[in-house]
Structures are given as C-alpha cells and as structure tokens.
1. How many residues, within the stretch 131-149, are within 16 Å of the ligand (Cβ to nearest atom) and either more than 22 Å from Lys183 (Cβ to Cβ) or not hydroxyl-bearing (Ser, Thr, Tyr) (or both)?
2. Keeping to the stretch 326-335, report how many residues are open to solvent by 10 Å² or more (accessible area, probe 1.4 Å) and more than 12 Å from the ligand (Cβ to nearest atom).
3. Can you tell me which condition Ile128 does not meet? The list is (1) within 16 Å of the ligand (Cβ to nearest atom); (2) over 26 Å from Leu355 (Cβ atoms), and all the others hold.
4. Out of (1) within 16 Å of the ligand (Cβ to nearest atom); (2) under 16 Å from Val206 (Cβ atoms), the odd one out for Gly247 is which?
5. Can you give me the number of residues within the stretch 3-35 that are of a type outside the set (Val, Ile, Thr), assigned to a helix (DSSP H, G or I) and out of contact with any Lys or Arg (no Cβ under 9 Å at 6 or more places or on another chain)?
6. Looking only at residues in the stretch 537-575 that are assigned to a loop (DSSP other than H, G, I, E, B) and among the small types (Gly, Ala, Ser), which one is least open to solvent (accessible area, probe 1.4 Å)?
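The values are calculated or read from the model by the stated rules, or taken from the named source; none is laboratory data. Treat the numbers as computed from the prediction; the structure is a model and nothing was measured. For neighbour counting, all protein chains shown are included, and Cβ atoms are generated from backbone atoms with ideal geometry for every residue, glycine included. Heavy atoms of the whole protein, side chains included, go into the accessibility calculation; ligands, DNA and RNA do not. Shrake-Rupley method; radii C 1.70, N 1.55, O 1.52, S 1.80 Å.
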Amino acid sequence: MGYDQAWLRYGKDKPKEKLSLEIKCKKSPILENAIEELKKDVRIFPENAAFTLKVDSELPKEGYRLQVVKESFFVYGGSDVGILYGVFALIRAARTGKLHVSEAFEETKIPACPLRMLNHWDNMDGSIERGYAGNSLFFKDEKVHDHKRLKAYARLCASVGINGTVLNNVNVRGEATYLIDLKHLLKVKSIADLFADYGIKIFLSVNFAAPMTNGGLETADPLDPKVRKWWRKKAELIYKTIPNFGGFLVKADSEGRPGPFSYGRTHADGANMLAEAVAPFGGVIIWRCFVYNCQQDWRDQTVDRARAGYDNFMPLDGQFSDNVILQIKNGPMDFQVREPVSPLFGGLTKTNQMLEVQAAQEYTGQQKDCCYLVPIWKQVLEFKTCAKETDDKVKDIITGKTFGQTIGGMCAVANTGTDENWCGHDLAQANWYGFGRISFDPELTPEEIAEDFVKEAYGKCGKKAMAALTTILLQSTTTYEKYTAPLGIGWMVNPNHHYGVNVEGYEYDRWGTYHRASHSAIGVERNSSGTGYSTQYLGANKAMYEKVETTPEELLLFFHRVPYSHRLRDGRTVLQYIYDTHFEGVEEVEQMIALLESVQEKIEPERYTRLRERFSMQLLNAVEWRDRVNTYFHRITEIPDEKGRKIFD
Ligand code: GCU
C-alpha cells in the first residue's frame, strides 16, 4: 500500500460483491462511499447480514441512528452524510466489541460541534510549519498537489466525523497568497470535490493584504470601497469555481501578518468586510484571536502576553457579523502542555466561537515523544466558565448551548503528513482520531477514546498488547508534563524549533514568555496585584485564581510567583516537586518502554520498530529535560534533593 491504514485497518483487498443491502434514499457519491465501507468490512458482520440505509428527515443532517435487530442492520441518517457517519459508527461498534450480533443494539448521535475542522499549516513548497510527519499532502513545488493518499485521508477524517479542513498555513506567504486566484483554484476544486464525497468542506487561509499583493491595489483597508469590491469579486470567482467552498481562515495583525490595524481599523472591521464578501454564498470567515505583542521587552513587567487575546477581542463582542467565527486557542499563550483555559470562553457572549487545539505536538514532544492530547482537550471542554450557573462549560459555549450561536465548534492544528504512518509517531494517530471523536461527542472520555483507538488500530494484536498500548497512551500525558515544564510554567524549550529543553530559552526574548526564575522564587504574578490577567475570568474562577491557596496546583506558577520553599498541599516544597517530577518522568518513560517491549511479539514488526525507535528518542529527551531542569534549579537555589538523587552541578 505504501502507507499505514491507521485505525481503518479492515477489509479485504477485494471488496465483497454481494451484499444484502436495501437503500431507501437518493443515490449520491457520499452514499457510494458509505456502501464501499460496508463491502470492505463484511467480515465482522454475520454472513447473511442485511443492511438498510435510509434517510430519516427527523434527524439533523449529520446525525445518525443505528438499530440492530438479529441480523438486520439499519442505518438512518439525516442526510447521506449522516448515513456515512452511521456506517462508520456501525463498523466501529462491531470492531470495538460494543455491538454483539445476538443482542439488540441502538445508538443515536448528533454531532455536538457544528464545525469539526483540521487546520493544516502546509506551505506550497511542500513543507509544513510545525509539521512532524513529513511533507504536505496538498502542496508540492509551489503547486496544489492531489496526492494519491487524499482519498485515504478523507476517509480517515470522515470516519471520526471531521467535516472541514483548511488546506494551507495561517501564515500565508509566497505562492500561497495566490491560492485564491484562478491559476490554483481548479486544482483546489479537485481536492474539494474529492473531500465533498466524504462530507468535508475545504477552507483556505488568506493573506489580509491580498488586494495589494494579488490585486495591485494600493491599500487593503477594510473600509475602502475598492478593497471591499475586490474581495466580493474574489469570493464570486471562488464560489463559481468551488460552489461548496467553506470560507476563509484569517490570521491578522499577529506575528507580523498584515491586518486591519495598519489602517486604524478593528478586527471586527476586517472580519466583517470579508464576511460580507462570502455571505451571499453561505461562506464563513474564521478569524483567529491569537493576537499579541511579539516585540515585547522582557524587562517590562507591565505587559503580559496572557492578557492579549481578551484585551484585543472582548471589547468587540457583539460587533462581528453572523457568519464570522472567532477561533480561540485553548489557552491564553500557545499550546503549552499546561495552561489555563482562555477567558474569552465565557467572556464573549454575543460572538460565534471555535475552540482551537493543536494536534501537531509543537510543544508536546513533536510526535517523537508520545503525548496523548485528548485528556488536555477534555479538561478544556469541561471547564466551567461561570458565564451562567449551568450549561456554561466550554463545550456548551462552542456547541451553541449557552448563548445559542448556530455556527462554531472545534478545530485542531493537524498532525498529519506524508510519513508512512501519517503522524510520525504511530500513537500520534490517536490525537487525530481523538480530535474527531471528541468534537463529535464531547461527552466521551479520553479513556473511551484511547480504548477505541487501540481496538481499531491494534485489534489484531490481542488483549495484552491492546491493554499495554492503552496504558501507554493514557500515561503519556502526565508523564510528558512531569519531565518538562512544572506547575504551569511552560516555555522551557529550545527557541524557534521548540523541541527539547532550554530552561532560559525564552527568558530574555521578545515573545512575552517568561518564568522569571531567580535564586529564591519562580513564576509570574498574574492576579489583581500583578498583571491582572486573573481578573479576566468570571465569578468563582476570578476568585480562585486570585489567591495562591485556591489556585489549582498544576497552574500555580502560571498565576503566582512563589518562593521555592513554598509548600504544596502534600507538604512538598515547590523545588522538591520540580526534582521529584523530573525523576518520575524519566522513570515513567522507562516503564512505558518496558511495557511496549513486553508485547513486542504481538505487534507487527514494522509498527513495533517504528514505535520502539520513537520511545528511544523520548527517553533521551526526557533524560535531558530531567538533568538540565534539575541542574538549573539546583545551581540557582543551592538546595539539594531531599532524596539524595544524582543532580549534576
Ligand atoms: C505558534 C507557532 C507558529 C504559528 C503560531 C500561530 O506561535 O509557533 O508557528 O504560526 O503559533 O498559531 O499562528
């Protein structure tokens, strides 16, 4: 095949020709794809299984209902897409052992998030910004490239309910600026058509200055009539070429990207101007809230990057058009292994919102180290914002339950590429899979998702191997946090590429990312007597983060500056906690390796070899983190480890 089947590891090379199938809806390419799956997978259903596929207009378009009675399998969908999702869910239920043919089975699911998207940070030269799994599946040599794997990609996405994908990097540079021009659009259309047959809409990131770069105008001022007209014409062209085009994703006035600020305009002016252009075609504008001052002076302690998203966007709540969605990173900084939830969730009440997470493991091991991210995402989704008494969790806000918005949802910066196993690390596939599953159904637990992933991807390896891999995945999140940055501090990474430890790597830089460790204290005071960041939260959260005593310990150093001698709830000092967790992190990686080795003979050699190699890299990385972090703090505090373990001087 040339590439890994990831979790859709089923079917014979030659699909079964005869299938007892009754179709009670209009034929369509999407339906054909659903049928193709059933034909592939008949082995897990009884020989004389009879399938019925039917549209049920009472269900929402993407919803499905499964009903199994004896050997009859009914899949109802709100549309052909719902049926496709239903078929994938039926196969999953059979493969994960939830469906027993002898027992009746029913399941109804309606996706919680309207949009469940991947954001690819792919460049047109084929490279991927923060890509850790090879090259782009969409671009090569400055051209759109319909890679032979695109159908497999779409199928994997659809199998977990992903319904949107942004093909190109939010940093739109070079040739990518011209992706919205006719010279590339026809090729983009061929991808859009292929993906449409799996219920996936495509979106493009655009350069806010495109009227100048592509259109030769002298300005990109969103209030200039010529600029507005230029975008309207551009939208007409795009939708004429690709009628089911989703819309634009925009990174503006951030990290050097152009935006409305240059013209004294607001983010709302910029977003609404684009929204007006795509509105006649049902398009949406996804506008990112990742906006901050990236030219900070580290000496200046009055500026706090964590405040920036809220400070920039809160005053604009209610000013965005109905087809604008604000895309908000899960935390106020940038995808660190531990951050508080962005206070924009709960703060914004009159604006469509989308939660942005990062499946690409930029700061969480770069798909060399194993780090299962679903537990982190789940914590964000379950965070009570205090915007209301009930139904105020982040998951309620992005699904529209709290404030009634009808568009919004969740997106993940993608972790895929041309590597044989798609994701660099075989277990990083669980993050792609898990993103789809949890955005479809935020009620699922990380444990359920990990178990399902392992059953689907490693079902043939037997119970013991599956148990080992599930344990490894579930362990990996806390292990990674332990050997990297403690107590919510973040950023102790190598500048620029962000893999590996560098305790002061970002300390004197311009990015606003400081831990300010001295010989006696560490952390940033972000309460009302510090930078005031904690006051951006509502009600009980504001009160909780105000004081050291009530701040959750895992975020202690994010919100407060404390002496190393500060005692945590279990009686340990902060310094001892740092030492302990860094020793434990390495020990846990060693345990994961031992567990993996114990099931070596059960896993196909190719996959085992890839996994084993990654864990060797992880161990080297963890040891380096442990020794550098512990040595650093030992040197500046001169306080030894209470347990007398080896720390270098
Ligand atoms: C991070 C990342 C960048 C990216 C940016 C973004 O800072 O390192 O590569 O462009 O996030 O989300 O826009």
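1. From the stretch 131-149, those within 16 Å of the ligand (Cβ to nearest atom) are 131-133, 136; that's our starting set.
Narrowing the set further to residues that are either more than 22 Å from Lys183 (Cβ to Cβ) or not hydroxyl-bearing (Ser, Thr, Tyr) (or both) leaves 131-133.
Adding up the residues that qualify gives 3.
2. Summing the residues that are open to solvent by 10 Å² or more (accessible area, probe 1.4 Å) and more than 12 Å from the ligand (Cβ to nearest atom) in the stretch 326-335 gives 1.
3. Answer for Ile128: the failing condition is (2).
4. Here Gly247 clears every test but (1).
5. Going through the stretch 3-35 one residue at a time, the tally reaches 4.
6. Taking the stretch 537-575 first, the residues assigned to a loop (DSSP other than H, G, I, E, B) are 537-538, 547-552, 560-561, 564-566, 568-572.
Narrowing further to those that are among the small types (Gly, Ala, Ser): 565, 571.
Values: Ser565: 78, Gly571: 35 Å².
Across the stretch 537-575, the extreme among qualifying residues is Gly571.
Yes/no per residue for (1) of a type in the set (A, V, I, L, M); (2) more than 16 Å from the ligand (Cβ to nearest atom); (3) outside the structural domain of Trp511 (by TED's automatic domain parsing); (4) closer than 23 Å to Lys329 by Cβ:
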residue: Pro211; (1), (2), (3), (4): no, yes, yes, no
residue: Thr219; (1), (2), (3), (4): no, yes, yes, no
residue: Lys233; (1), (2), (3), (4): no, yes, yes, no
residue: Pro243; (1), (2), (3), (4): no, yes, yes, no
residue: Lys251; (1), (2), (3), (4): no, no, yes, yes
residue: Asp269; (1), (2), (3), (4): no, yes, yes, yes
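Let's see how each residue does on (1) among the acidic types (Asp, Glu); (2) under 22 Å from the mean Cα position of the chain (by Cα):
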position	(1), (2)
Ala277	no, no
Ile285	no, yes
Val291	no, yes
Trp298	no, no
Ala308	no, yes
Asp317	yes, no
Asp322	yes, no
